[in-house]
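Student: I'd like to ask some things about the structure below.
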Amino acid sequence: MNEIISFIDSNKERYLSELKEFLAIPSVSSIKEHNADTRKCAEWVANQMRTVGMQNVRIFETPGHPVVYSEWMGAPGKPTVLFYGHYDVQPVDPLNLWTSPPFEATIRGENLYARGSADDKGQVYIHFKAIEAFMKQQGKLPVNLKMIIEGEEEVGSEHLEQFVKDHRDLLSADLVLISDSSMFAKGVPSVCYGLRGLAYMEIEVTGPNRDLHSGSFGGSVHNPIQALAEMIASLHDKNGRITVKGFYRDVRPLTKKERAAYKKLPWNDKQYAKDLGVAKLYGEKGFTTLERLWARPTLECNGIWGGYTGEGAKTVLPSKAFAKISMRLVPDQNSQKIAKLFQQHFQRIAPKTVHVKVKALHGGEPAITPIDSPGVQAAATALEKGFGKTPLYQREGGSIPIVVQFKKILGLDTVLLGFGLPDENAHAPDEHINLDNFFGGIRTSVHFYNELPGYWGKGKRK
Ligand code: BES
Ligand code: ZN
């Protein structure tokens, strides 16, 4: 292993300049104007796979953005890892809040700044470099490896489920590996064993059939912005609990063991509030911050618009108001069931003065992965070797919708080995990745692939 680690150490500059190329492609999956860029990015990924020594590289078309596949199957008798990641990124707006342009990766201090640097191109690239290091130094990998890198994760992985169903044999493996999450904190590596799910809704409230003069008509009709604001305000009670009827029915309670384990983690509410610039934290009564983040469901208004928002004043009583609302879900909630409950609830609370339409945009299921599996044990050892510290076990508040499908369709458990940090501004201006974690991630990935066969031998094998 020494020669591989020193190969990594002596290639750092090259890694950064290549990663900058990957990050320069604006593969924003949700914006049609970027469709050509997103395809170009899939091609970049395919080329990179070929360059590092992966075989049978293929770009699969879907009704949306392509899935890039490759494999290296030269280790008979050794476990097969299915690595999953995504090459698409979130939109960059508000652009004016970026210190440097989002698609011109820039190093400042100990970080590399660009859209996708942490979520998830930087983390996918970590694995390309781990593979390359093995191939260059040993001519082979210690495990069999299949990779699928998709282009629609940030829009709910709409077509990936069908892709997995259509390619069961091609994707057969022993476990799934994903690097698309964060470590607990800088210098505190962790293995993640839980993700929340998601149900994303859009609401359209219509009042009068056209925009009205707010003087001539104001006072005679219910302003749709006001009606929408009243409805949204009623979605939480005074204890921070969600009022949607039936919302908590399937929530799996936290176990005593988990609650005790979370209490032992190095966490400070005051520091957290200070970092976020809030005077006081807010959340569901009766739960700690980590519990609220990882194991309790939430409802957030992501955006709200309507009426006049341009420069200066315009006196108008608008015809329409809109909002986007997402709910993060925990086991054993189901995204479609929750979307339905939300729709019913919203129709129930809608005042007669306005017309309300509720649309479900996309969803994903929550996931818990077993922590006593050989894959997770190999990941823990790899983190220990890569970062020199024993890792913690944690859950995450974010979602990776395909994790549950990998279990349902392929019967595979997932190892979540994340190298981001919680404060790296994923989905926000100035997204970045910490360079120590980036290089530590390459070392850890190398150790993971190297350790896995030993753990697999000792553990269960289906
Ligand atoms: N990398 C994130 C998921 C994540 C975030 C894991 C934070 C752990 C911690 C992923 O790319 C993501 O953002 N997913 C979306 C999924 C959604 C669009 C269905 C999310 O969580 O909003
Ligand atoms: Zn993301």
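Student: Is there any pair linking a residue in segment 362-377 that is over 12 Å from Ser335 (Cβ atoms) to one that is open to solvent by 30 Å² or more (accessible area, probe 1.4 Å) and outside any loop (DSSP other than H, G, I, E, B), with Cβ under 7 Å and at least six apart or on different chains, and which?
Tutor: If the second residue must be open to solvent by 30 Å² or more (accessible area, probe 1.4 Å) and outside any loop (DSSP other than H, G, I, E, B), the pairs left are Ile371/Tyr393; Pro374/Tyr455; Pro374/Lys458; Gln377/Tyr455.
Student: Can you tell me which residues in segment 57-75 are open to solvent by less than 40 Å² (accessible area, probe 1.4 Å), part of a strand (DSSP E or B) and in contact with a helix residue (DSSP H, G or I) (Cβ under 7 Å, 6 or more places away or on another chain)?
Tutor: Of everything in segment 57-75, those that are open to solvent by less than 40 Å² (accessible area, probe 1.4 Å), part of a strand (DSSP E or B) and in contact with a helix residue (DSSP H, G or I) (Cβ under 7 Å, 6 or more places away or on another chain) turn out to be Val57, Phe60, Val67, Val68, Ser70.
Student: In segment 103-123, which residue that is surrounded by 24 or more Cβ atoms within 10 Å (Cβ to Cβ) and in a loop (DSSP other than H, G, I, E, B) is farthest from ligand 1 (Cβ to nearest atom)?
Tutor: Restricting attention to segment 103-123, the residues satisfying the condition of being surrounded by 24 or more Cβ atoms within 10 Å (Cβ to Cβ) are 105, 113-123.
Checking the rest, the ones that are also in a loop (DSSP other than H, G, I, E, B) come to 105, 114-120.
Numbers: Ala105: 18, Ala114: 15, Arg115: 12, Gly116: 10, Ser117: 12, Ala118: 8, Asp119: 5, Asp120: 6 Å.
The selected residue is Ala105.
Student: Working only within segment 242-279, note down all residues that are open to solvent by less than 90 Å² (accessible area, probe 1.4 Å), in contact (Cβ under 8 Å) with a residue 24 or more places away in the chain and either assigned to a helix (DSSP H, G or I) or out of contact with any helix residue (DSSP H, G or I) (no Cβ under 9 Å at 6 or more places or on another chain) (or both).
Tutor: Ile242, Tyr248, Val251, Glu258, Arg259, Ala261, Tyr262, Pro266
Student: Kindly list, by first and then second residue, each pair from a residue in segment 167-182 that is farther than 22 Å from Arg196 by Cβ to a residue that is near ligand 1 (Cβ under 9 Å from one of its atoms) and open to solvent by 20 Å² or more (accessible area, probe 1.4 Å), limited to pairs with Cβ atoms under 9 Å and residues at least 6 apart or on different chains.
Tutor: Nothing qualifies.
Student: Checking Tyr282 against (1) more than 24 Å from Asp237 (Cα to Cα); (2) assigned to a loop (DSSP other than H, G, I, E, B); (3) hydroxyl-bearing (Ser, Thr, Tyr), which single condition isn't satisfied?
Tutor: For Tyr282, the exception is condition (1).
Student: Could you tell me whether any residue of segment 38-59 is under 17 Å from Gly85 (Cβ atoms) and touching a His at 6+ places or on another chain (Cβ under 6 Å)?
Tutor: Yes, because at least one residue in segment 38-59 is under 17 Å from Gly85 (Cβ atoms) and touching a His at 6+ places or on another chain (Cβ under 6 Å).
Student: Working carefully through the options Gly215, Gly219, Gly139, Gly194, find the one that is surrounded by 20 or more Cβ atoms within 10 Å (Cβ to Cβ) and at pLDDT 95 or above. Give the steps one after another, and end with the answer.
Tutor: Values: Gly215 fails: surrounded by 20 or more Cβ atoms within 10 Å (Cβ to Cβ); Gly219 fails: surrounded by 20 or more Cβ atoms within 10 Å (Cβ to Cβ); Gly139 fails: surrounded by 20 or more Cβ atoms within 10 Å (Cβ to Cβ).
On inspection, the qualifying residue turns out to be Gly194.
Student: Can you find even one residue in segment 4-21 that is under 30 Å from Leu452 (Cα atoms), assigned to a loop (DSSP other than H, G, I, E, B) and not hydrophobic (A, V, I, L, M, F, W, C)?
Tutor: yes
Student: Just to be sure I understand, how many residues within segment 76-98 are open to solvent by less than 10 Å² (accessible area, probe 1.4 Å) and hydrophobic (A, V, I, L, M, F, W, C)? Step through it out loud before you land on a result.
Tutor: Within segment 76-98, the first condition is being open to solvent by less than 10 Å² (accessible area, probe 1.4 Å), and the residues that meet it are 79, 81-89.
Those left that are additionally hydrophobic (A, V, I, L, M, F, W, C): 81-83, 89.
Counting residues in segment 76-98 that are open to solvent by less than 10 Å² (accessible area, probe 1.4 Å) and hydrophobic (A, V, I, L, M, F, W, C) gives 4.
Student: Additional query: I'm checking my understanding of the structure. Among residues of segment 296-311 that are closer than 26 Å to Ala367 by Cα and of a type in the set (S, T, N, Q), which one is least open to solvent (accessible area, probe 1.4 Å)?
Tutor: Once the filter is applied, the top-ranked residue is Thr298.
Student: In segment 392-441, which residues are within 14 Å of ligand 2 (Cβ to nearest atom), acidic (Asp, Glu) and open to solvent by 30 Å² or more (accessible area, probe 1.4 Å)?
Tutor: Of everything in segment 392-441, just one residue is within 14 Å of ligand 2 (Cβ to nearest atom), acidic (Asp, Glu) and open to solvent by 30 Å² or more (accessible area, probe 1.4 Å), namely Glu396.
Student: Considering only strands (runs of 3 or more DSSP E) fully contained in segment 124-235, which possess at least 3 residues that are farther than 22 Å from His432 by Cα and over 23 Å from the mean Cα position of the chain (by Cα)?
Tutor: The strands (runs of 3 or more DSSP E) meeting that bar are 197-206.
Student: Take Ala321 and tell me if it is open to solvent by less than 10 Å² (accessible area, probe 1.4 Å) and under 30 Å from Gly219 (Cα atoms). Talk me through it step by step, then tell me what you get.
Tutor: Values: open to solvent by less than 10 Å² (accessible area, probe 1.4 Å): yes; under 30 Å from Gly219 (Cα atoms): yes.
It is true that Ala321 is open to solvent by less than 10 Å² (accessible area, probe 1.4 Å) and under 30 Å from Gly219 (Cα atoms).
Student: Kindly provide the set of residues from segment 288-319 that are within 23 Å of Met183 (Cβ to Cβ) and either of a type in the set (Ser, Thr, Tyr) or touching a residue at least 12 places away in the same chain (Cβ under 8 Å) (or both), ordered by number.
Tutor: Here is the first cut: in segment 288-319, the residues within 23 Å of Met183 (Cβ to Cβ) are 288-296, 298.
Within segment 288-319, Thr288, Thr289, Leu290, Glu291, Leu293, Trp294, Ala295, Arg296, Thr298 meet the criteria.
Student: Between a residue in segment 393-418 that is under 18 Å from Glu158 (Cα atoms) and any residue that is within 15 Å of ligand 1 (Cβ to nearest atom) and of a type in the set (Phe, Trp, Tyr), which pairs come within a Cβ distance under 8 Å, given they are 6 or more apart or on different chains?
Tutor: From segment 393-418, the pairs are Ile402/Tyr84; Phe406/Tyr84.
Student: While we're looking at this one, here's another question. Picking from Glu161, Glu230, Glu204, which residue would you name as being of a type in the set (Asp, Glu), open to solvent by 10 Å² or more (accessible area, probe 1.4 Å) and touching a strand residue (DSSP E or B) at 6+ places or on another chain (Cβ under 7 Å)? Talk me through it step by step, then tell me what you get.
Tutor: Numbers: Glu161 fails: touching a strand residue (DSSP E or B) at 6+ places or on another chain (Cβ under 7 Å); Glu230 fails: touching a strand residue (DSSP E or B) at 6+ places or on another chain (Cβ under 7 Å).
Going through Glu161, Glu230, Glu204 in turn, just one is of a type in the set (Asp, Glu), open to solvent by 10 Å² or more (accessible area, probe 1.4 Å) and touching a strand residue (DSSP E or B) at 6+ places or on another chain (Cβ under 7 Å): Glu204.
Student: Just to be sure before I move on: is Gly151 modelled with pLDDT of 95 or more, within 16 Å of ligand 1 (Cβ to nearest atom) and either touching a Pro at 6+ places or on another chain (Cβ under 6 Å) or not aliphatic (A, V, I, L, M) (or both) in the structure I sent? Write out each step before concluding.
Tutor: Numbers: modelled with pLDDT of 95 or more: yes; within 16 Å of ligand 1 (Cβ to nearest atom): yes; either touching a Pro at 6+ places or on another chain (Cβ under 6 Å) or not aliphatic (A, V, I, L, M) (or both): yes.
Yes.
The values are calculated or read from the model by the stated rules, or taken from the named source; none is laboratory data. Here the structure is a predicted model, which is why all the values come from computation and not from measurement. Every residue, glycine as well, gets a Cβ built from its backbone with ideal geometry; the counts of neighbours run over all protein chains shown. The accessibility values were calculated without ligands, DNA or RNA, using every heavy atom of the protein model including side chains. Shrake-Rupley method; radii C 1.70, N 1.55, O 1.52, S 1.80 Å.
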